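Undergrad: Here it is, the structure in full.
The values are calculated or read from the model by the stated rules, or taken from the named source; none is laboratory data. The structure displayed is predicted, hence computed values, not measured ones. Here the Cβ positions follow ideal geometry from the backbone for every residue, glycine too, while neighbour counts run over all protein chains shown.
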Amino acid sequence: MTYCLGILLPQGLVLASDSRSNAGVDQVVRVSKLNLMPAMKDRVIAIQSSGNLATTQAVVTRLHEAFGSGDAARDLSLARTMFAAAAIVGEELRTHITADRKFVDPYGDPAGNFLISGQIVGEPPRLFQVYAAGNFVEATPRSPFLQIGETKYGKPILDRSLTPECPLDEAAKLALISFDATLRSNLSVGLPIDLLAYRADSFEAAPVTIEEEDPYWNALRKAYSEGLTALVAGLPAPPAVWGV
């Protein structure tokens, strides 16, 4: 399992992915789930993945191999919009699962899920979630974030605090708190965290990797935990008639 989060804002995008992949308690590896397509002046395209690691790695590798090939059906460098890019990812996923399903089914689920986001010149940044069937949905101002993988623990803080008006730095902070909640409650999600804050119209992407010893990460976790504990302690007690 893994956890990937994408946040779409007027200022740009905040993306975060963990790096744990496991096929049992004694088969745990660290694998980056945030992948950038090659840099171009007119586009930035990022792909985050969860699910069957063999499937997701194969899809991302094939998309890299097709990049710049001139094959309009598979080449993300030729996609005219991010919608078209999401369709390419969905079709590549369908192709791979169709070819492998009969061989993989006896051993497990071959499905994978993706977040694809970025910006192509002529349109604002966009964010899509590609399902295992290859179809997809798009983030909107009313639903400014999308998640894949182990989503439930990190969702409440986003539902309560994330708004379309959030600046990128505030959204990045909320993303990390969302990951802290997930790491505390689920051993299948683990460090390091790959974090990307993309500013609209910059066409520059520079992810950072947050390791366990990162001072900001640790200070944020400590302050959030202590603040939450103090907040709960200051809330009113239940009414005496409840018998508590």
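Undergrad: Collect the residues in region 181-192 that are assigned to a helix (DSSP H, G or I), of a type in the set (S, T, N, Q) and within 16 Å of the chain's Cα centre (by Cα), keeping them in residue-number order. Spell out the reasoning first.
TA: Within region 181-192, the subset assigned to a helix (DSSP H, G or I) is 181-185.
Among the residues that remain, those that are also of a type in the set (S, T, N, Q) are: 182, 185.
If the condition is that a residue be assigned to a helix (DSSP H, G or I), of a type in the set (S, T, N, Q) and within 16 Å of the chain's Cα centre (by Cα), then 182 is the only one that fits.
Undergrad: If only one of 60, 89 is of a type outside the set (Lys, Arg) and closer than 28 Å to residue 212 by Cα, which one is it? Break it down into steps so the answer makes sense when it comes.
TA: Working: 89 fails: closer than 28 Å to residue 212 by Cα.
Unique residue meeting the criteria: 60.
Undergrad: Sticking with this structure for a sec: Quick check on my filter: what residues within region 187-244 are more than 20 Å from residue 171 (Cβ to Cβ), of a type in the set (D, E, K, R) and free of Cβ contacts under 8 Å to residues at least 12 places away in the same chain?
TA: Those that are more than 20 Å from residue 171 (Cβ to Cβ), of a type in the set (D, E, K, R) and free of Cβ contacts under 8 Å to residues at least 12 places away in the same chain: 213, 222, 226.
Undergrad: Failed condition for residue 97, given (1) crowded, with 20+ Cβ neighbours inside 10 Å; (2) hydrophobic (A, V, I, L, M, F, W, C); (3) free of Cβ contacts under 8 Å to residues at least 24 places away in the same chain, with all others met?
TA: Looking at each condition in turn, residue 97 falls short on (3).
Undergrad: Can you give me the number of residues within region 67-82 that are in contact with an Asp or Glu (Cβ under 7 Å, 6 or more places away or on another chain), surrounded by 17 or more Cβ atoms within 10 Å (Cβ to Cβ) and farther than 20 Å from residue 33 by Cβ?
TA: Going through region 67-82 one residue at a time, the tally reaches 1.
Undergrad: Return the residue satisfying two criteria in turn: it lies in region 28-38 and is in a loop (DSSP other than H, G, I, E, B) and modelled with pLDDT under 95, and of such residues it is nearest to residue 209 (Cα to Cα).
TA: Here the residue is 32.
Undergrad: Exactly one condition in (1) over 16 Å from the mean Cα position of the chain (by Cα); (2) at pLDDT below 90 is false for residue 70; which is it?
TA: (2)
Undergrad: Return only the number of the condition from (1) touching a strand residue (DSSP E or B) at 6+ places or on another chain (Cβ under 6 Å); (2) in a loop (DSSP other than H, G, I, E, B) that residue 114 does not satisfy.
TA: Result: residue 114 fails condition (2) only.
Undergrad: For the condition over 30 Å from residue 185 (Cβ atoms), of a type outside the set (A, V, I, L, M, F, W, C), under 19 Å from the mean Cα position of the chain (by Cα) and assigned to a strand (DSSP E or B), what is the one hit in 147, 129, 119?
TA: Details: 147 fails: over 30 Å from residue 185 (Cβ atoms); 129 fails: over 30 Å from residue 185 (Cβ atoms).
Answer to the check: 119.
Undergrad: Please pick out the residue among 126, 160 that is charged (D, E, K, R), buried (at least 19 other Cβ atoms within 10 Å of the Cβ) and modelled with pLDDT of 95 or more.
TA: Working: 160 fails: buried (at least 19 other Cβ atoms within 10 Å of the Cβ).
Exactly one residue qualifies, and that residue is 126.
Undergrad: For region 17-24, check the following and say yes or no: at least one residue is in a strand (DSSP E or B), modelled with pLDDT of 95 or more and not β-branched (Val, Ile, Thr). Before the answer, list the steps.
TA: Filtering region 17-24 down to residues in a strand (DSSP E or B) leaves 17, 20-22.
Narrowing the set further to residues that are modelled with pLDDT of 95 or more leaves 17.
Imposing the further condition that a residue be not β-branched (Val, Ile, Thr) reduces the set to 17.
Yes, that holds for at least one residue.
Undergrad: Any residue at all in region 180-203 that is modelled with pLDDT of 95 or more, within 26 Å of residue 124 (Cα to Cα), of a type in the set (S, T, N, Q) and out of contact with any helix residue (DSSP H, G or I) (no Cβ under 7 Å at 6 or more places or on another chain)?
TA: Within region 180-203, one or more residues are modelled with pLDDT of 95 or more, within 26 Å of residue 124 (Cα to Cα), of a type in the set (S, T, N, Q) and out of contact with any helix residue (DSSP H, G or I) (no Cβ under 7 Å at 6 or more places or on another chain).
Undergrad: For region 39-58, give me each residue that is out of contact with any Leu (no Cβ under 9 Å at 6 or more places or on another chain), within 24 Å of residue 78 (Cβ to Cβ) and not in a strand (DSSP E or B). Outline the logic, then answer.
TA: Keep residues of region 39-58 that are out of contact with any Leu (no Cβ under 9 Å at 6 or more places or on another chain), which gives 39-42, 51-54, 57-58.
Going one step further and asking which of them are within 24 Å of residue 78 (Cβ to Cβ), we end up with 39-42, 57-58.
39, 41, 42, 57, 58 - these are the residues of region 39-58 that are out of contact with any Leu (no Cβ under 9 Å at 6 or more places or on another chain), within 24 Å of residue 78 (Cβ to Cβ) and not in a strand (DSSP E or B).
Undergrad: Could you run through region 150-180 and say how many residues are outside any helix (DSSP H, G or I) and charged (D, E, K, R)? First the steps, then the outcome.
TA: The first filter runs over region 150-180 and keeps only residues outside any helix (DSSP H, G or I), leaving 150-154, 162-167.
Applying the additional criterion that residues be charged (D, E, K, R) yields 150, 152, 165.
The number of residues fulfilling the criteria is 3.
Undergrad: For region 140-157, give me the residue count where each residue is closer than 16 Å to residue 115 by Cβ and surrounded by fewer than 20 Cβ atoms within 10 Å (Cβ to Cβ). Even if it seems obvious, please write down each step before you answer.
TA: So in region 140-157, the residues closer than 16 Å to residue 115 by Cβ come out as 140, 143-151, 154-155.
Applying the additional criterion that residues be surrounded by fewer than 20 Cβ atoms within 10 Å (Cβ to Cβ) yields 140, 143, 151, 155.
Adding up the residues that qualify gives 4.
Undergrad: Only one of these conditions is not met by residue 195: (1) under 18 Å from residue 56 (Cα atoms); (2) in a strand (DSSP E or B). Which number is it?
TA: The number of the failed condition is (1).
Undergrad: Can you find even one residue in region 216-233 that is part of a helix (DSSP H, G or I) and touching a Phe, Trp or Tyr at 6+ places or on another chain (Cβ under 6 Å)?
TA: Initially, region 216-233 is screened for residues part of a helix (DSSP H, G or I), giving 216-233.
Add one more test, that the residue is touching a Phe, Trp or Tyr at 6+ places or on another chain (Cβ under 6 Å), and what stays is none.
Checked against the condition, which is being part of a helix (DSSP H, G or I) and touching a Phe, Trp or Tyr at 6+ places or on another chain (Cβ under 6 Å), region 216-233 yields no hits at all.
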